[in-house]
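The values are calculated or read from the model by the stated rules, or taken from the named source; none is laboratory data. Just so you know, these numbers come straight off a predicted model, no measurement behind them. With ideal geometry, Cβ positions are generated from the backbone for all residues, glycine too; neighbour counts draw on all protein chains shown. The area values use the complete protein model at the heavy-atom level, side chains included, leaving out ligands, DNA and RNA. Shrake-Rupley method; radii C 1.70, N 1.55, O 1.52, S 1.80 Å.
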Amino acid sequence: MYKLASSLALAASLYVGGVAAHGGVVAYDIGGTWYDGWRPYNSPTGQTSIQRPWATFDPILSASSSSLACNNDGNKGPNQLTAKVKAGSAIKQYWNQVWPHDTGPVIVYLSKCPGSSCDNVNAQTAQWFKIEEAGLLSGTVAKGVWAAGKMIADNSSWTTVIPASVPSGHYLIRSETIALHSMPAQFYPECAQIEITDGGNVSPSADQLVTFPGGYSQSHPGVNIDLYGEAAKTQTTYAIPGPRLYDRNGPPSSTTAAPTAPTSVPTTPTATTPAPSATAVAPQYGQCGGTGWAGPTACAAPYTCKKLNDFYSQCV
Ligand SMILES: *[C@@H]1O[C@H](CO)[C@@H](O)[C@H](O)[C@H]1NC(C)=O
Ligand SMILES: [Cu+2]
């Protein structure tokens, strides 16, 4: 299926350096506090982490794998911790240095846990919604710049802002990159337990929720993709797999990028929800810029628009 050169490179990568050729999210920085991830190659005894345990740096090679949710096995650890995160603030996710695969998307999900802890939540039956996605940033599928390449350039890290709109509570956060340098695609997901405080009141809609496995199909054009084929040489778009992105700024006023007149906002369960599109300025913690952003770029007083990464600026 893939070219000889790439299959040789893959074969070599499995031997040279062993585990170093793959990996996953190994640490988090939340508001300046450092959280070590689970160490798959250390004894589980005595490990304490906000991250759920995983067993190997090897990639997951199937969209229907039972470990697609939170890797293998992705159940709570022996001394499972939970990190507090303020809605609207950032989580920096660190992959192992230097992340080896520069072609593919970076995607981040949340799953709300019922009750006061995620400890007993089964990652495979959890309902996930996508809070961030970045795929092909520029150029062609064959030679372009991918989110994974940007992640590597940013010290093998990716900063994700927890939407200010998500309700407070306990969540699993699932951080993923998909490596597309060989076929089948390689999934690298890891999960951590967090408690979101100071949240909003926008729950994901039914069409924004998926399970893993289930959320991806092996035949999706963003999964079943050949970077070395003819089409890749001219293709400048990449379809990121998974559900529709969660609306950070409330219910959609329009699904098109064209700013149509925001006359009425669909009724929400709580009448007190401020209509986000009724004003040309973004609220505190609201998005005010980023690649592909078609919403307001000004902030409500006294907040100013601060760039957090190329895809997200927010009012702080
Ligand atoms: C780069 O990431 C490592 C963790 O992998 C971290 O220890 C280091 O401080 C980071 N460097 C910078 C300049 O942020
Ligand atoms: Cu690898």
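Of note:
- The one condition in (1) within 14 Å of Gly24 (Cα to Cα); (2) buried (at least 23 other Cβ atoms within 10 Å of the Cβ) that Ala123 fails to fulfil: (1)
- Residue within region 259-278 that is small (Gly, Ala, Ser), surrounded by 15 or more Cβ atoms within 10 Å (Cβ to Cβ) and modelled with pLDDT of 80 or more present: no
- Qualifying residue in region 25-36 (condition: modelled with pLDDT of 85 or more and assigned to a loop (DSSP other than H, G, I, E, B)): yes
- Residue in region 105-117 that is within 16 Å of ligand 1 (Cβ to nearest atom) and either within 20 Å of Val202 (Cα to Cα) or free of Cβ contacts under 8 Å to residues at least 60 places away in the same chain (or both) present: no
Here's the yes/no breakdown for (1) within 16 Å of ligand 1 (Cβ to nearest atom); (2) more than 17 Å from the chain's Cα centre (by Cα):
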{"position": "Ser165", "(1), (2)": "no, no"}
{"position": "Ser182", "(1), (2)": "no, yes"}
{"position": "Gln186", "(1), (2)": "no, no"}
{"position": "Glu190", "(1), (2)": "yes, no"}
{"position": "Leu209", "(1), (2)": "no, no"}
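- Condition check for Trp158: touching a residue at least 12 places away in the same chain (Cβ under 8 Å) and in contact with a Ser or Thr (Cβ under 7 Å, 6 or more places away or on another chain): no
- Unmet criterion (only one of (1) open to solvent by 60 Å² or more (accessible area, probe 1.4 Å); (2) over 16 Å from the mean Cα position of the chain (by Cα)) for Ser65: (1)
- Every test in (1) on the phi > 0 side of the Ramachandran plot; (2) touching a helix residue (DSSP H, G or I) at 6+ places or on another chain (Cβ under 9 Å) is passed by Pro100 save one, and that test is (1).
- Every residue from region 19-42 that is free of Cβ contacts under 8 Å to residues at least 24 places away in the same chain and open to solvent by 70 Å² or more (accessible area, probe 1.4 Å): Trp34, Asp36, Arg39, Tyr41, Asn42
- Failed item, numbered, when Ile194 is tested on (1) assigned to a strand (DSSP E or B); (2) farther than 30 Å from Ala27 by Cβ: (2)
- Screening Ser156, Ser175 for residues that are within 16 Å of ligand 1 (Cβ to nearest atom) and within 24 Å of Gly214 (Cβ to Cβ) leaves exactly one candidate, Ser175.
- Residue within region 126-136 that is open to solvent by 30 Å² or more (accessible area, probe 1.4 Å) and farther than 20 Å from Val210 by Cα present: yes
- Residue count, region 210-241 (criterion: touching a strand residue (DSSP E or B) at 6+ places or on another chain (Cβ under 9 Å), over 14 Å from Ile178 (Cβ atoms) and either part of a loop (DSSP other than H, G, I, E, B) or open to solvent by 50 Å² or more (accessible area, probe 1.4 Å) (or both)): 4
- You will find that of Lys76, Lys84, the residue that is more than 16 Å from ligand 2 (Cβ to nearest atom) and touching a strand residue (DSSP E or B) at 6+ places or on another chain (Cβ under 7 Å) is Lys84 and no other.
- When residues of region 167-180 are limited to those that are within 14 Å of ligand 2 (Cβ to nearest atom) and among the aliphatic types (A, V, I, L, M), the one farthest from the chain's Cα centre (by Cα): Leu180
- Scanning region 53-77 for residues that are assigned to a loop (DSSP other than H, G, I, E, B) and among the charged types (D, E, K, R) gives Asp58, Lys76.
- Candidates Lys92, Lys84 - the one that is among the basic types (Lys, Arg), away from ligand 1 (no atom under 16 Å from the Cβ) and open to solvent by 20 Å² or more (accessible area, probe 1.4 Å): Lys84
- Residue check, Pro167 at pLDDT 95 or above and either surrounded by 16 or more Cβ atoms within 10 Å (Cβ to Cβ) or touching a Phe, Trp or Tyr at 6+ places or on another chain (Cβ under 6 Å) (or both): no
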